[in-house]
Amino acid sequence: MKEYLYGILSKTTSLTLEQITVHILASLVIGILIYISYYLSHTGTIYSKKFNISLIMLTVLTCMVMTVIGNNIALSLGMVGALSIVRFRTAIKDSRDTAYIFWTIIVGICCGVGDYVVAGIGSAVVFVIMLIFGRIKNDNRVLLIIRGSKSNEREIEGIVFEHFKKKAIMKVKNTTQTNVELIYEVTKKMFDGERKLSENITEKLYNLQGIDYVNMVVQNDEISG
């Protein structure tokens, strides 16, 4: 029984130099495809060239690991134990980046075991999906921050309510005995519609007495590195 278990655990399949080369080259080719997909689907500050290059490296490295492991169960268990102590602290800028990381790992595994058909067809399908839906522009949000006299609270709310046609969402209201601060959220599209109006929201608000300031902050899902 011991000999049987030992035979299973130590079972390995030696690969020729040509097979190893084909595995790595296949992962490199598909890794470049992933690189192109990431480049096409990310724009602006959210695009990271370093991260994109790392995707190619991760594809090839995963392939190398799978090539080394092969059918050796003992080696695979040891590799899992070794990798489990690694902690990644890199912040993910975009939720799509996680999908790209999984994409590279899966391609590396497929190429490492010689299943190029799955890696190729699967990558082609994902590439087309990201090409069509990947260039999604965030609907930027504008935070309208107003601080003024508490006696003007009703007038401020009325102006914002009427100006944005009841679509502005109040997010925060901070008050003291003498002052009030209101924070509204509107979409960039709603805010750009002001160009068609004879008077913008800031002019309307500053026409009131006792307005300390009117600030506008544009928010989106992008995090600049």
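The values are calculated or read from the model by the stated rules, or taken from the named source; none is laboratory data. Please read all numbers here as calculations on a predicted model, not as lab measurements. Cβ coordinates were reconstructed from backbone atoms using ideal geometry, including for glycine residues, and neighbour counts include every protein chain displayed.
Values as computed for the structure displayed
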read-out	value
Unmet criterion (only one of (1) at pLDDT 90 or above; (2) surrounded by fewer than 19 Cβ atoms within 10 Å (Cβ to Cβ); (3) closer than 20 Å to residue 128 by Cα) for residue 52	(1)
All positions within the stretch 107-137 that are within 23 Å of residue 17 (Cα to Cα), free of Cβ contacts under 8 Å to residues at least 60 places away in the same chain and assigned to a helix (DSSP H, G or I)	109, 110, 117, 118
Qualifying positions in the stretch 142-174 - of a type in the set (Gly, Ala, Ser) and farther than 14 Å from residue 201 by Cα	148, 149, 151
The stretch 163-176 - residue that is modelled with pLDDT of 85 or more and out of contact with any strand residue (DSSP E or B) (no Cβ under 6 Å at 6 or more places or on another chain) and, of those, farthest from residue 215 (Cα to Cα)	176
Top-ranked residue in the stretch 208-218 [being exposed (fewer than 14 other Cβ atoms within 10 Å of the Cβ) and either among the β-branched types (Val, Ile, Thr) or modelled with pLDDT under 65 (or both); ranked as farthest from residue 181 (Cα to Cα)]	218
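For every residue, the table says whether it meets (1) at pLDDT 90 or above; (2) in a strand (DSSP E or B); (3) among the acidic types (Asp, Glu); (4) surrounded by fewer than 16 Cβ atoms within 10 Å (Cβ to Cβ).
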residue	(1), (2), (3), (4)
139	no, no, yes, yes
148	yes, yes, no, no
152	no, no, no, no
159	no, no, no, no
192	no, no, yes, yes
